[in-house]
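Okay, structure first, notes after.
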Amino acid sequence: MELSNRQEQIIQIVKDNGPITGENIAEQLNLTRATLRPDLAILTMAGFLDARPRVGYFFTGKSGSELLTEKLKKFKVKEFQSVPIVVEENVSVYDAICAMFLEDVGTLFVTNDQTLLVGVLSRKDLLRASMGNQDLTSIPVHIIMTRMPNITICKEDDLLLDAAQKLIEKQIDGLPVVKAADDGMEVIGRLTKTNITKALVELGRDEHI
Ligand code: ADP
């Protein structure tokens with residue numbers, strides 16, 4: 001985040017004199033306590049300063065990049081996940097290709113008749129199946145999908161960073177976000193490289209609350 005001149009001054013005063021009350025900081029800057037309040041709130045929320053009742057403000061000693069890392073490590077999958085696009089295991093490869101285009105996604109999740117996760121379909125899985133002379137309307141997707149138990153998954157409460165690491169390690173574009181059901185797993189979300197990119201942009205622009 002970009003700090004204003006006044007905010008930089010406040011940090012310097014607290015570094016040199018902390019713990020120091022808001023009143024005293026204001027005095028040193030020839031401003032009123034009320035004028036300073038928004039700046040102190042920003043600096044405290046951003047983690048540069050900390051405040052203790054009856055003691056005052058003190059410098060946390062954390063650098064900008066340490067604060068950034070701290071923030072990144074708190075991101076959860078559920079804050080960034082998208083809606084999952086799901087097809088049933090008996091739909092044809094042709095219909096799955098249509099779904100992928102219509103829904104504008106790169107990964108489809110495949111479920112059985114009890115809506116439990118049984119497979120994943122990527123763009124290349126569908127391309128590969130289209131390369132021969134087969135009739136794509138008569139091949140069900142369960143023939144060509146990557147199937148359980150080889151599916152890499154994540155949960156809503158997982159750290160975004162851990163999910164990102166799985167994408168890299170497994171060299172895949174997306175993960176189903178699942179929750180445990182009676183006989184398997186239900187798909188409740190989709191976490192892709194696009195979601196990770198969005199998180200990065202929000203972090204860089206300091207937009208994430
Ligand atoms: P593409 O195949 O279009 O490059 P991916 O890199 O995502 O897209 O997929 C590579 C392979 O990994 C595909 O065969 C796909 O079925 C499989 N795959 C994709 N996502 C997962 C996942 N979450 N778990 C296990 N396998 C997956």
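What follows is calculated from the coordinates using simple rules that are stated; it is not laboratory data. Please read these numbers as outputs of a predicted model, since none were measured by experiment. Note that each Cβ is placed from the backbone with ideal geometry, even for glycine, and that neighbours are counted across all protein chains shown.
Side notes on the structure shown:
- Between segment 90-141 and segment 40-82, the Cα center-to-center distance that results, in Å: 44 Å
- For K74, the aspartates and glutamates whose Cα falls under 20 Å of its own Cα, not counting residues fewer than eight places away in the same chain, are D50, E66, E156, D157, D158, D162, E202, D206, E207.
- Here the residues T60, T137, ranked from fewest to most Cβ neighbours within 10 Å of their Cβ, fall in the order T137, T60.
- J(HN,Hα) series, segment 135-150, from Karplus relation 6.51 cos²θ - 1.76 cosθ + 1.60, nearest Hz, glycine and proline x: 7, 5, 6, 10, 9, x, 5, 5, 6, 10, 6, 7, 10, 4, x, 8
- Note on the chain: dipole from Cβ charges, positive end direction compared against L68, Q165, I97; the farthest Cα belongs to L68.
- Segment R205-R52, extension gain: residue separation times 0.36 nm, minus the distance between their alpha carbons: 52.2 nm
- As a proxy for reagent exposure, V177, V187 were ordered by neighbouring Cβ count within 10 angstrom, fewest first; the result is V187, V177.
- For E88, the amide hydrogen comes within under 5 Å of the amide hydrogens of T111, counting only partners 5 or more places away or on other chains and with H modelled in the peptide plane.
- Debye log10 I(q)/I(0) for the chain, one point scatterer per Cα, at q = 0.17 Å⁻¹: -1.06
- Phi angles of segment 195-200 translate, via the Karplus equation with coefficients 6.51, -1.76, 1.60 and θ = phi - 60°, into HN-Hα couplings of 4, 5, 4, 4, 4, 4 Hz per residue; Gly and Pro are given as x.
- Computed from label points 7 Å out along Cα-Cβ, the spacing between E8 and V83 is 4.6 nm.
- Springs join every pair of Cα atoms under 10 Å in this Gaussian network model of the chain, and among I196, I42, I97 the largest mean-square fluctuation is at I42.
- Label point 7 Å beyond Cα of K124 along Cβ direction - residues of segment 153-191 with amide nitrogen under 11 Å: 171-173
- A dipole drawn for the chain from +1 and -1 charges on Cβ atoms has a positive end, and of V141, I85, G56 the residue lying farthest that way is G56.
- Angle in degrees between helix 33-45 and the longest Cα principal axis of the chain, rounded to the nearest 10: 40 degrees
- Estimated FRET transfer efficiency when R0 is 41 angstrom, pair E23-Q114 (beta carbons, to 0.05): 0.05
- For segment 1-84: span of alpha carbons on each principal axis (Å, largest first): 55, 25, 22
- Each Lys and Arg contributes +1 and each Asp and Glu -1, all at the Cβ; summed about the Cα centre of the chain, the dipole is approximately 620 debye.
- Partners for K15 among lysines (Cα-Cα distance below 18 Å; same-chain residues under 8 apart left out): K62
- Contour minus Cα-Cα distance for L67 and I168 (0.36 nm per residue): 33.9 nm
- Residues F48, F59, sorted so that the one with the fewest Cβ neighbours within 10 Å comes first: F59, F48
- Pairs beyond 27 Å (Cα-Cα), from K71/K155; K76/K124; K71/K170: K76/K124
- Residue-by-residue Karplus 3J(HN,Hα) for segment 156-162, coefficients 6.51, -1.76, 1.60, Hz, glycine and proline x: 3, 8, 5, 6, 4, 4, 5
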